[in-house]
Every structure is written in C-alpha cells, then in structure tokens.
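Data first, discussion second: the structure below is written as structure tokens.
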4 protein chains.
Amino acid sequence: METHIEKLATLFARFPGIGERQAKRFVYFLLRQDNGYIDALAREIAELRSKVSQCTECFVFFEAVNGQALCSVCSKRDLDQGVMMVVEKDADYEVIKRTRVFGGRVFVLGGLAPAILKDVDAYIRIRELRSAVERRTGKGGLQEIILALSLTTLGIQTDEYIRRVFADLVDAGTLRITSLGRGLSTGTEIEYSDKETIVHALSGRK
Amino acid sequence: METHIEKLATLFARFPGIGERQAKRFVYFLLRQDNGYIDALAREIAELRSKVSQCTECFVFFEAVNGQALCSVCSKRDLDQGVMMVVEKDADYEVIKRTRVFGGRVFVLGGLAPAILKDVDAYIRIRELRSAVERRTGKGGLQEIILALSLTTLGIQTDEYIRRVFADLVDAGTLRITSLGRGLSTGTEIEYSDKETIVHALSGRK
Amino acid sequence: METHIEKLATLFARFPGIGERQAKRFVYFLLRQDNGYIDALAREIAELRSKVSQCTECFVFFEAVNGQALCSVCSKRDLDQGVMMVVEKDADYEVIKRTRVFGGRVFVLGGLAPAILKDVDAYIRIRELRSAVERRTGKGGLQEIILALSLTTLGIQTDEYIRRVFADLVDAGTLRITSLGRGLSTGTEIEYSDKETIVHALSGRK
Amino acid sequence: METHIEKLATLFARFPGIGERQAKRFVYFLLRQDNGYIDALAREIAELRSKVSQCTECFVFFEAVNGQALCSVCSKRDLDQGVMMVVEKDADYEVIKRTRVFGGRVFVLGGLAPAILKDVDAYIRIRELRSAVERRTGKGGLQEIILALSLTTLGIQTDEYIRRVFADLVDAGTLRITSLGRGLSTGTEIEYSDKETIVHALSGRK
C-alpha cells in the first residue's frame, strides 16, 4: 500500500524538472515546516484556478479583479492594434513584457507543434489564433503577426507551420508575418558560433 | 499588490533547491493541470502532518496505522538492541534501510551541527540522543552507536561533537562509538583521490 | 631540482585551458608514445614559426608556398574591396570563412581591448588597423568595416573603442562602421533570454 | 594538402582529453609565443625519452642521475620488502607517494584489463608482475600485494583478474592479496551513496 509520503511524492514528481528523489525531499521538507506555511500552500494551490482567469482574447493567465474577461494588456485603450506577437507560453510572455518595448497584442499558443504531429490543432491554439487574426485584420486593424518562438527545432517547426496556416492572408496582402531576428545573442563567442547564426548576424549587421 | 500567481510562486521558492524561476514554472504547470490532480495535491499537502507521525523513539517520520507511537523498526520484536545508528535525516535513513544489512535501531538527528554554532542542542536532537542512549545502555542493552554521517565538513564536525558528548560513557566502558568506515567509494579513481581517502583505504585494505 | 618531467609539465601548463594535472598527463602520455610520434611532434613545433607566415595585410597566419607576403584571401583578384571584417583572432576568422558568405577582406586584431587598459595599441593592432583602413578608403576603395567581435563584455568594449578610433572618418562620410547583428542565436529559448537580446531580436524581425 | 598548422593540430589531437578544436587553439597559442618558449618546448619533448628512464623493477618513469637502472624507491636500503603495491599508472603512483604512509615497493601495471580482452598480457604487465612476485616471495621476502586500482568497472575487473593469476600462491599460503578498503570517501553524502559503498562502510566502521 502506498503511504501518504509516497502518494505526495508521486504527485510532486509530475512537477516540471522534478525527479523522484527531489519529490521525496519536498515531502520531508514539508514535514518540517510549521502549520502556517503548510496551510497557506495547500490553500493557494486549491484556490489557484478560481483566482486566476485565462484571458479570452490572448489566453494569458491573469487575475481578474472585478470578473473581467480580458487581461490588462488586451483591455488597454491605447493598445497598438496593428501588431500581435505569438508566444509559446506564459513564461515567454513575461520575458517579453519585462523588456517594455512592445506595445501590441500578444497571443499565447500553449505549446509548440512538432512537425510529425498529425493533429496540431488539438494540442496548441492554432484555430484560436486563426480566428483571432481574422477577427482583427482589415482597415485600421491587425497588419502583422510576430512569431516570437524559441530558436529550437520545435520552435522553428512551429514557426514554419504558422506561416503555412496564414499563407493565404499573406499572399492576399492582408497580413505580414515576421519572426524575431537572428544574430549574436548576449554572451555569444564568435569562435563557438554555428554557421546559421553567423550568416544571420552578418546580413543583419548595423 | 502581490497576485495569487506570485504568492504561490513565493511559497514554492522555499522548497529545497527551487529558485524563483522554477517556482513560477510550477505555478504555470498547475494552471494547466486538471482539477483531479490539483485537488489531490492540495489535500495531500493539507493532511500530510495529520497522516504522518514522528516516531517517539527514533524521530523518523512514519504512518501510524492504529495510532501507535513507534515506527515499524522501533517496534520490531527481534530488533538488535545492542547497536544504534545515528543519521542526519530521513532520506539518509532510507538509503541505509535499502541496503538491508543493518538490524539495529536508528536515530534521526534532524540536522548537522556546525562547529561555530553556540547552542547546538537547540537545532539538532543531541539531548534526545543522549537521553535515548542513557535509557538503553546497561546489561543486555545498547553497546555501540554508529555515526553514519556524510563525510562533509559539517558531517565530520557533528561526528566529533557527538563523540565529545558521549566521552564519559566511552571512558567508563559503557558505550562504544564507531563511524562509518572510510575508503574508496564506488567510482573513485585513484588519480583524483585525496590523501585522507587513500590513507584510510590503505589501512582498511582487505 | 626540477626534473625533466616537471620541466616539460610546466611548459605544457602554459597551454590555454591546461592545468598542472593535465600538463603532467601530457608528459606521461608522451612517455608511452613511439619515437616516430615524438620526433614528428618536436619537429613540427620547432619548425612551426618558420613554416607559417603572418599576412602583412590582414595578420592572419598562413603557409606561404613560394614566399609570398599575402594570404590567399588578401591576394585574391576578385576580392570585394569595399568591405573589411575585423575579427579578434585566427580561430574566429576560420569560423567566418567556413560560412562562405563573406567575400571581402579580413583583419585580425590579435586580441580584445579591456576598457581599463591604458595603452590599448600596445596589445592589439589598432594602429595597424587604422593604417590599413586609411590606405584603402577613397574612390572605389574601402567603404565599410564590419566589427565581428564576440558579444562578451570585452568584445563590446573593443567594438566601442574601434568606433571611437574611426569616429572622424565616419563623421566625414568616408567610412561606415557596422557590427554583427544581434538577435536569437541557434538554440536560444525565449524564456531564458536577456532583455538586450529580445529588444534586438524584436527590432531586427523579418 | 595538409598545412603545417593542420599537421601539428592533428598531433596535438592525440593528447589525452584534447579534441580537434583545442588542438587547433594550441597551435595558434604557439604561433603567438616567443622563440625561447618554443625552443624549450620542442627540445624537452625531443629529449624526454632519453632523459627519463623506466625502472627495471617497478616500471615507473624516473630520471637516472648516474645511469642507474632502479628508481629511488626500488633502490632504497630500508624498503619494506614484505609488501608490494600494484597501481595502474604513474599518476596513481604519485598520488600514493604524496600520502607518505606507504613504505613498500610499487609496481606500475601500465593499464587496466577489460574482462573481454583475450590477451591481457599483451596490454598490461601481468607477466612482469608475476615474475617480480615470484622472484621476491620466500623467507624474509614478499608476503602481500596490495591492489590499489580505481573502483571503476575496469579497475574491479583487473583486481579480479590479478587475484586469479595469483590464486595458486595464495592457496599455497605463500602470498596474501589485499585491495584498498572501500567506504565513504571525502565529500561523500549518505543520501547519494550506493548500496555497495554503505555496506562496506558499515562493515569497516571504527
């Protein structure tokens, strides 16, 4: 029979990046904490979903103060309506927000799309993205979507997939699709750079 | 004002080995899980302390089925009464148990004792250890305590501290104190071994 | 008295990235090799400097077949005379060459210039660079220098230093100075990107 | 055609732990050094073999001052004749020597013996070891060999192999074979210890 210690360790072991051993350490850690901390933790976890909403426009998680359906960005009056940035997940969105240089909409895809995946739309919000774009293009509306995806194999495949999805709008001149620029990133040493990065850095010199 | 996402992330950031960034990822991970998982996690955390007891003899955490005060080891009939192993924490105890070669009592110290610490007894169970040993030494009783502490600076200081605490009983011939043997551990390469390890391995050759 | 083993180990310990321990391993490795290998190694090291020339134009090391003073790039007939790329060292130059997308001159600086350094020109080829640039600007000649330096603190300081050195030519409209473009490099994940990289990637999107 | 730079890099790439890239860096490093260093390096490499002898008894490398055949240990008058330590290589021998607690002979095996190897004796000095042992056992002579091999898979296999080689002498009571003791080595944490190490540490407690 599984003990409570094991049961909780098994639940923690599903946390991202946490193995069985560290999961067990979490349980022993909790056993040594005072009731105030334990209670707060259990309560915040239990209430998280009811306290946190998902924006119906951009799918970012946010905390609705008065039950509003839109996050603070989507409900901004002076939002730049011409451009929408597509990101993989909330954590990426936060990195973008912290730079304070982007004034447009964002759209959280909810994952990346491996090229081999049959039914991409079942895993990430491609249909919702398409619908959000269609709703907003047109006179005075959305003109460009910026794909801000990680430069990993999966990120690149997803970038290509989304470009195919919107090929018709692009061909029709209704929409422009751009991707974050490539080049040297902070800390990059020339000696250890790959060819792709150098080629992009060279053509993007300034 | 701190949001619920931030509040929960702050609580997770106190978990051992978890930084702010990973704490935030835990929260986003939970936001994507179904209610069944969330509820189970919150419930197990809330109930952990009431479901798990601490053995009044050896201080190990265990799950009392019928409200008993002693863990399965301390309540064993054929327990080797002559020897008690002192470990730092529950996780160390589990490693020892898994070897299945030790048949005596165990005592969980609850931490290690830095040499600079003024009031060691306030942090780890030295008083409780002393009392447990005194209760058990004597005819047919406890004859040896084995210090099974990590071979780190803190572990070595704690080993020395405990030896001083029991110096009177050792001098009186009532108690023997041993420490886990030193030598090559699995994977050790001679070329990268320190002097101490070689000296112990040499004198402990067989 | 230092033995020959120690003497050679001390010499190897000056190799880049080699500590005392590995230096000693190199010596023991050599002691186990056959005479053919040992002789070839000693000979190639002794003759290296006489067999390898340094291009009088770009300062790259190369092997002159018939005693020529210019490397294969500097002596190319169809060399793009309008652009010169400045790199820190030969290894960086090789990475650039391997991409096969740059058709202009190169100039090997021979190091980077820490901002705190008093007499930068004594350490890296700033004077030689200035002279090479002056010799080549003018009608039909050099119009742009591309700074292809690592995006490290030292690389950035050197980039800024060179821009100051040529500020007069740039102000006079005689020369353009560019630096390799910044952005996401291969493998970069958005979540772990710094602000600078995101800002550049955003403005350089395409 | 291979250039001299490539030729030397290829030679350096055979050094232990050195890849192609670092080999190339070594060459560029040498190109920047003064003649004094280059000449000393080439000369020491060329003369290494003639300056360094291999002890005809223990096979350790040493520097003969007056053409003697024995190393400083093997020619010691007060050498403990009763015990011989078998090590894999010179670097291991140095680690042992630095502890200053062993007063007997040493024997350098010259490698380890994978269990799958058909003709072990062609690779490491098993025959030489057997002969050295036979020459020395007997009244007032060698009584014990200590196997001081790394606690890796290969080291353990070699330990077992040597024990088989000398099984007859051990059975006859002429020789004792011991191996370095196992247990916690400096820095070992109980929580991350394997079963084998714990079991040995427990039985070797003191």
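For B:Lys118, the aspartates and glutamates whose Cα comes closer than 17 Å to its Cα, not counting residues fewer than 8 places off in the same chain, are B:Asp159, B:Glu160. Label separation (D:Thr3 vs C:Glu2): 3.2 nm, computed from points 7 Å beyond Cα along the C-beta direction.
Tell me the relative contact order for chain B as a rounded percent, counting alpha carbon contacts under 8 Å between residues six or more apart. If you can, show how the numbers build up before the last one.
Numbers: 229 pairs, mean separation 27.2, N = 206.
Normalised by residue count, the contact order of chain B is 13 percent.
Computed from Cα positions, the angle between helix A:90-99 and the longest principal axis of chain A comes to roughly 60 degrees.
At the listed q of 0.05, 0.07, 0.11 Å⁻¹, the Debye profile of the protein assembly as shown, built from one uniform point per Cα, gives log10 I(q)/I(0) equal to -0.45, -0.87, -1.25. Label-point spacing at C:Ser50 relative to the other copies reads 1.9, 8.8, 9.0 nm, in ascending order, each point sitting 7 Å out from Cα along Cα→Cβ. Put simply, the amide H of D:Thr188, placed in the peptide plane, has neighbours under 5 Å in B:Leu151, leaving out anything fewer than 5 places away on its chain.
The other copies place their A:Glu189 label points at 2.2, 2.3, 3.0 nm from this one, listed shortest first, where each point is 7 Å from Cα along Cα→Cβ.
Report summary: the helix-based calculation at 222 nm, which adds -39500 (n - 2.57) for every DSSP H run with n ≥ 4 and divides by the residues of chain C, gives -12500 deg cm²/dmol.
Can you give the mean number of other chain Cβ atoms that lie within 10 Å of the Cβ atoms in peptide C:140-151? Spell out each step's value before the answer.
Values: counts 0, 0, 0, 0, 1, 0, 3, 1, 7, 3, 8, 10.
Neighbouring Cβ atoms belonging to other protein chains average 3 per residue here.
In terms of its alpha-carbon gyration tensor, the range C:67-127 comes out prolate; a/c meets the 1.5 threshold, and the first ratio a/b outweighs b/c. Computed extension length for C:Gln143-C:Phe29: 35.9 nm, one decimal, from 0.36 nm per residue of separation with the Cα-Cα distance subtracted. Taken residue by residue and averaged, Cβ atoms of other chains lying within 10 Å of the Cβ of B:52-62 number 2.
Hey, what does the equivalent ellipsoid look like for the range C:140-206, semi-axes from the Cα gyration tensor as sqrt of 5 times each eigenvalue, largest first, whole Å? Write out the running numbers ahead of the final one.
Details: eigenvalues 155, 37, 19 Å².
Ellipsoid half-lengths, sorted descending, are 28, 14, 10 Å.
The modelled label-to-label distance for the pair C:Thr152/D:Arg21, using points 7 Å beyond Cα in the direction of Cβ, is 1.3 nm. Under a Gaussian network description of chain D, with springs only between Cα atoms under 10 Å, the residue in D:Thr152, D:Thr99, D:Thr186 that fluctuates furthest is D:Thr186. Our coupling estimate for the range B:178-189, obtained by passing each phi through the Karplus curve with A = 6.51, B = -1.76, C = 1.60 and θ = phi - 60°, is 10, 10, 3, x, 9, x, 6, 9, 3, x, 4, 9 Hz, Gly and Pro reported as x.
Excluding D:Thr10 itself, calculate the net charge of residues whose Cβ lies under 11 Å from the Cβ of D:Thr10, where each Lys or Arg counts +1 and each Asp or Glu counts -1. Mind dumping the intermediate values first?
Values: positive: D:Lys7, D:Arg14, D:Lys24; negative: C:Glu44, D:Glu2, D:Glu6, D:Glu20.
After counting each charged neighbour, the total is -1.
As a quick test, which of the pairs A:Lys51/B:Lys51; D:Lys97/D:Lys195; B:Lys89/D:Lys195; B:Lys51/B:Lys97; C:Lys24/D:Lys51 have an alpha carbon distance above 19 angstrom in this structure? Correct reply: A:Lys51/B:Lys51; D:Lys97/D:Lys195; B:Lys51/B:Lys97. Taking D:Phe62, D:Phe107, D:Phe15 as the candidate residues, the one with maximal mean-square fluctuation in a Gaussian network model of chain D, Cα springs under 10 Å, is D:Phe15.
Relative contact order, whole percent, for the range A:141-199 stands at 39, derived from Cα pairs under 8 Å and 6 or more residues apart.
Can you tell me the orientation of helix B:153-165 relative to chain B, as the angle in degrees between its alpha-carbon axis and the longest Cα principal axis, to the nearest 10? Roughly 50 degrees, rounded to the nearest 10.
Go ahead and set up a Gaussian network model of chain A, Cα springs under 10 Å, then flag whichever of A:Arg182, A:Arg21, A:Arg136 fluctuates most. Per the Cα network of chain A with a 10 Å cutoff, A:Arg21 tops the list. If R0 is taken as 30 Å, the Cβ-Cβ distance between C:Arg164 and C:Ala13 corresponds to a FRET efficiency of 0.20. A point 7 Å from Cα along Cα→Cβ stands in for D:Arg176, and the other copies hold the same point at 2.1, 8.5, 8.6 nm, listed in rising order.
Converting phi to 3J(HN,Hα) with the Karplus coefficients 6.51, -1.76 and 1.60 and the offset θ = phi - 60°, the range C:12-22 yields 5, 5, 8, 4, x, x, 10, x, 4, 5, 5 Hz in sequence order, with x at every glycine or proline.
On the beta carbon distance between C:Ala115 and C:Ser75, with R0 = 35 Å, the FRET formula returns roughly 0.45. Between the helical axis of D:126-136 and the dominant principal axis of chain D, each derived from Cα atoms, what acute angle in degrees is found, rounded to the nearest 10? So the helix axis and the longest Cα principal axis differ by about 50 degrees.
Amide H contacts of C:Val86: C:Phe107, C:Ile146, C:Leu147, C:Ala148, each under 5 Å away and 5 or more positions distant or on a separate chain (H built 1.01 Å from N in the peptide plane; Pro and chain starts excluded).
Counting, for every residue in D:31-44, the Cβ atoms of other protein chains within 10 Å of its Cβ and taking the mean gives 5.
Each 10 Å bin from zero holds the following percent of Cα-Cα pairs in chain C: 7, 24, 28, 23, 13, 4, 0. Using every pair of distinct Cα positions in the range A:104-162, the Kirkwood expression returns a hydrodynamic radius of 12.3 angstrom.
Our coupling estimate for the range A:53-67, obtained by passing each phi through the Karplus curve with A = 6.51, B = -1.76, C = 1.60 and θ = phi - 60°, is 9, 10, 4, 6, 8, 10, 6, 6, 7, 8, 10, 6, 7, 10, x Hz, Gly and Pro reported as x. The mean sequence separation of alpha-carbon pairs under 8 Å and at least six residues apart, normalised by the residue count of the range B:28-105, gives a relative contact order of 21 percent.
Here, each number is a calculation from the coordinates, and none is a lab measurement. Model, not experiment: these values are computed from the prediction. Neighbour counts are summed over all protein chains in view; Cβ atoms, including those assigned to glycine, are modelled from backbone coordinates with ideal geometry.
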